[in-house]
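Presented below is the structure to which this report refers.
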């Protein structure tokens, strides 16, 4: 969209593609040279916009893309036909044929999935790449680690399946190092019980952005799945990966639609959950939970107006949010308010914004709705 559209937007997200480039370079520099970079771009590239982000990452030199489902894989391949894509989630019956036709790699967690996929590939006269997923304690996708040898035998006996990788997923890599270590042990033990499986010829991946904190330098691991970190969000404050100095890629902005004065004792918004203690000047922002301002942040969050923090008053509503601007001189209609990002010397980080809503940065990014246009720049200069 044009600069005119950007300046006229009631609510918008700015996406700095140059920052994305820098982040990828920094992450690569922090990884062992032999590590393949699997870029996770599921959920519309964590709300940043899949086509634009994927195109930039292709130029940045990632090795492989990972998505949640076949629909996301199809959308990605429209941006870059022929790029290697791994579908992380299970295929539904009926999707197997389309996966084979599109040439994507598929994560396999059960003998039933392997059998279905092999049948679809045989009917098309093709071979399909699969990654054997082992459940080492996440309790979600993957074959239970004690039963992995059986699934490996099914894959090995299927003539149209080609094992391209083995993987697991950590349950608590950011706050339970002991269990993460146990999951690594279970994973390696499961591989050792798979006769004829040569891990040196496969992509072996367990670590995501949070898992990189305790990444094992030894063993067969030769690939990492990087999602949130490439967008400049650390898995947790104080992370070892802070040394990589990645920077936020997305910022979230809105406008002031109305400025008004209210007397002490007046109540604000639905449910009258906030009562003014003094005569106040309030600003009505042109964004609410219909845009991605979480209702759970009511009476807790702040926004930046003219470089100063202004608290949210009362409940966030679908289309509007009220903030206190009594201590900010000169506030006027059409002034910009920053929900996530920098304004002057002040910054509201995605992590801080998410904490006000009692959620995590992943969910916040995925909650920015279609009403919020994304504007892309090689460098936004903000």
Point to revise | Within the chain, helix-based [θ] at 222 nm, where runs of 4 or more DSSP H residues each add -39,500 (n - 2.57), nearest 500 | key: -8000 deg cm²/dmol
Practice item. Quote the relative contact order of the stretch 250-377 in percent (integer), defining contacts as alpha-carbon pairs under 8 Å separated by 6+ residues. Key: 28
Practice item. Within 10 Å, count the other beta carbons around each residue, average over each peptide in 39-52, 364-377, and list them highest first. Key: 39-52, 364-377
Review point. Where both partners of a DSSP beta bridge lie in the chain, what percent of those bridges are antiparallel, to the nearest 5?
Key: 50
Exercise for review: Based solely on C-alpha atoms, express the radius of gyration and the Dmax of the chain in angstrom.
Suggested key: 23.8, 77
Point to revise | Degrees between helix 148-157 axis and first principal axis of the chain (Cα, 0 to 90, nearest 10) | key: 60
Point to revise | Rounded tilt (10° steps) of 17-30 against the dominant C-alpha axis of the chain | key: 50
Practice item. Rounded to the nearest Å, what's the spacing between the alpha carbon centres of the stretch 275-315 and the stretch 40-118? Just the number, please. Key: 39
Exercise for review: Have a look at 11, 194, 167 and tell me which one the Gaussian network model of the chain (Cα, springs below 10 Å) gives the largest fluctuation.
Suggested key: 194
Practice item. At q = 0.25 Å⁻¹, work out log10 I(q)/I(0) for the stretch 74-150 with the Debye formula, treating every Cα as an identical point scatterer and leaving solvent out; two decimals please. Key: -1.16
Study note, to complete from the structure: Relative to the chain, whose Cα atoms define the longest principal axis, helix 177-192 and its Cα axis are tilted in degrees, nearest 10, by 20
Review point. Expressed as a rounded percentage, what relative contact order does the chain have, with Cα pairs under 8 Å and six or more residues apart?
Key: 18
**Study point:** Rg(Cα)/(2.2 N^0.38 Å) for the stretch 250-377, N = residue count
**Key:** 0.99
Review point. Any idea what the alpha-carbon Rg over 2.2 N^0.38 Å comes to for the stretch 30-187?
Key: 1.06
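Values quoted throughout were computed directly from the atomic coordinates according to the rules given, and no laboratory measurement underlies them. Keep in mind that what you see is a predicted model, and the values were worked out from it rather than measured. Note: ideal-geometry Cβ built from the backbone for every residue, glycine included; neighbour counts use all protein chains shown.
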